[in-house]
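Inspection log for the structure reproduced underneath, given as structure tokens.
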Amino acid sequence: MAKVVLLGDINVGKTTLINQFASGDGGKTQATVGTDFKSKTITIDGTQVNLQIWDTAGQEKHTSIGFAFYRGSNCCILTYDVGNNESFERLSFWKKNFLDQAAPQNPDQFPFVVCGNKTDKERVVAREVAEKWCADNGGLSYFETVATTNEGVNALFMETGKKAKAQAGKQDDDFMPTSLSGAAGAIKIDAKAEADAEEEQKKKKKKKCKC
Ligand SMILES: Nc1nc2c(ncn2[C@@H]2O[C@H](COP(=O)(O)OP(=O)(O)OP(=O)(O)O)[C@@H](O)[C@H]2O)c(=O)[nH]1
Ligand SMILES: [Mg+2]
């Protein structure tokens, strides 16, 4: 299994991309609240890979459940709308947000794929500008799509699947992040409670001693 997460501003087409790829449905969507995922099995280099594709809300007020689900991702698709410059300029925010919260082992080598969606509409972000951003951000793969009509969608997810599979192969099974501070929902160890528990253990041992 390989885990993929789609990030990007509100309304850029994340849910439509996932619905189109996983279910062949490019129809109407509602603004995503919270998170959800869809699965699809694809064949990469003769091997079947189950892609678990996580959808997220672009509107930050809906992200209050936290970002713990970023953890364990094998590839992240940064999505923007080619007709909306603000959504393009926010790619850096989403990339940093992902790296901060997912805390992957080798952040410099973590595979991101960039998707410019809605190329059927009037474009304000030139392809060359987007490609330059990808080059400046570690040579990221770039795809353009029309989620509603399925144009370019398969190519986007096949490349994402390939990168996710390769990343999953590299990940140490026993990897534990060195910092839990960024993980929403992470267990917080209360130092005092831990010290009290140790004291209690010592007392019990003393009681048992017959000497
Ligand atoms: N013209 C056009 N419209 C699209 C395309 N992709 C998505 N849309 C439309 O854009 C709107 C938003 O799409 P969603 O997939 O819900 O966007 P989202 O990124 O999931 O939005 P949030 O869940 O709010 O973050 C919907 O009305 C879609 O039908 C596209 O490629 N071209
Ligand atoms: Mg959505």
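The values are calculated or read from the model by the stated rules, or taken from the named source; none is laboratory data. Please read these numbers as outputs of a predicted model, since none were measured by experiment. Backbone-built Cβ (ideal geometry, glycine too); neighbour counts: all protein chains shown.
Of note:
- Residue within the stretch 35-48 that is of a type in the set (F, W, Y), under 19 Å from N11 (Cβ atoms) and surrounded by 13 or more Cβ atoms within 10 Å (Cβ to Cβ) present: no
- Residue match in the stretch 119-135 (condition: closer than 26 Å to D45 by Cβ and touching a residue at least 40 places away in the same chain (Cβ under 8 Å)): no
- Checked against (1) surrounded by fewer than 21 Cβ atoms within 10 Å (Cβ to Cβ); (2) more than 16 Å from ligand 2 (Cβ to nearest atom), K3 passes all but a single condition, namely (1).
Yes/no matrix, rows are residues, columns are (1) closer than 21 Å to C134 by Cβ; (2) near ligand 1 (Cβ under 10 Å from one of its atoms):
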site: L6; (1), (2): yes, yes
site: L17; (1), (2): yes, yes
site: T43; (1), (2): no, no
site: N50; (1), (2): no, no
site: G58; (1), (2): yes, yes
site: A68; (1), (2): no, no
site: F93; (1), (2): yes, no
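- Residues (surrounded by fewer than 20 Cβ atoms within 10 Å (Cβ to Cβ) and at pLDDT below 95) located in the stretch 70-92: R71, G72
- I10 within 12 Å of ligand 1 (Cβ to nearest atom), in contact with a Cys (Cβ under 8 Å, 6 or more places away or on another chain), at pLDDT 95 or above and not hydroxyl-bearing (S, T, Y): no
Conditions tested, residue by residue: (1) farther than 23 Å from A57 by Cβ; (2) not β-branched (V, I, T).
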{"position": "I77", "(1), (2)": "no, no"}
{"position": "V82", "(1), (2)": "no, no"}
{"position": "R90", "(1), (2)": "no, yes"}
{"position": "A103", "(1), (2)": "no, yes"}
{"position": "D120", "(1), (2)": "yes, yes"}
{"position": "W133", "(1), (2)": "yes, yes"}
